1. Just name the residue that is nearest to R16 (Cα to Cα) out of those in region 44-80 that are touching a residue at least 24 places away in the same chain (Cβ under 8 Å) and of a type in the set (S, T, N, Q).
2. Out of curiosity, is R83 outside any helix (DSSP H, G or I) and either surrounded by 14 or more Cβ atoms within 10 Å (Cβ to Cβ) or in contact (Cβ under 8 Å) with a residue 40 or more places away in the chain (or both)?
3. If you scan region 21-36, which residues turn out to be in a strand (DSSP E or B) and either closer than 29 Å to P106 by Cβ or basic (K, R) (or both)?
4. What is the one condition in (1) of a type outside the set (S, T, N, Q); (2) touching an Asp or Glu at 6+ places or on another chain (Cβ under 8 Å); (3) surrounded by 16 or more Cβ atoms within 10 Å (Cβ to Cβ) that L33 does not satisfy?
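Please treat every number below as a calculation from the coordinates, not as lab data. Worth saying up front: this structure is predicted, and the values here are computed from it rather than measured. Positions of Cβ are generated from backbone atoms using ideal geometry, with glycine treated the same way; all protein chains shown enter the neighbour counts.
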Amino acid sequence: METVHKIGRRKTAVARLYLSSGDGKVTINNKDLSVYFPTATLQYKVNQPFALTGTEGTYDVKVNVYGGGITGQAEAIRLAISRALCEIDVENRGTLKPEGLLTRDPRMVERKKFGQKKARKKFQFSKR
């Protein structure tokens, strides 16, 4: 099997993923998964597509991720893995789609407007 290259995004985080057959090693920015994401919740998010499709320990994952925070990065990686698994086997799509793992979350930070303190907060109004 050749290497599959996919991109996942979430907020401002961008994950470039290279998936190849192997023994289940996950490398993120040249670090091990447990080093880069120390909490169990974030590790679960990254491994969720493999758990749902029953392919744990089948593929080696190499990811370059930048931007955003750690949760956004973990979810960007999850989207990229889900897309790669769908390219490898079309039947995985039926498993991942109902779980919402193939949906790109469109929520972004709203921009600050001029004449206001923040995106929605206004300066205090004085009537007199």
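1. Going through the qualifying residues, I end up with N64.
2. no
3. Within region 21-36, the subset in a strand (DSSP E or B) is 21, 26-28, 31-32.
Result: V26, T27, I28, K31.
4. Condition not satisfied by L33: (2).
Here is a yes/no grid of residues against (1) surrounded by 12 or more Cβ atoms within 10 Å (Cβ to Cβ); (2) out of contact with any Pro (no Cβ under 7 Å at 6 or more places or on another chain); (3) assigned to a helix (DSSP H, G or I):
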residue	(1), (2), (3)
E2	no, yes, no
K6	yes, yes, no
A15	yes, yes, no
L19	yes, yes, no
P38	no, yes, no
Q43	yes, yes, yes
P49	yes, yes, yes
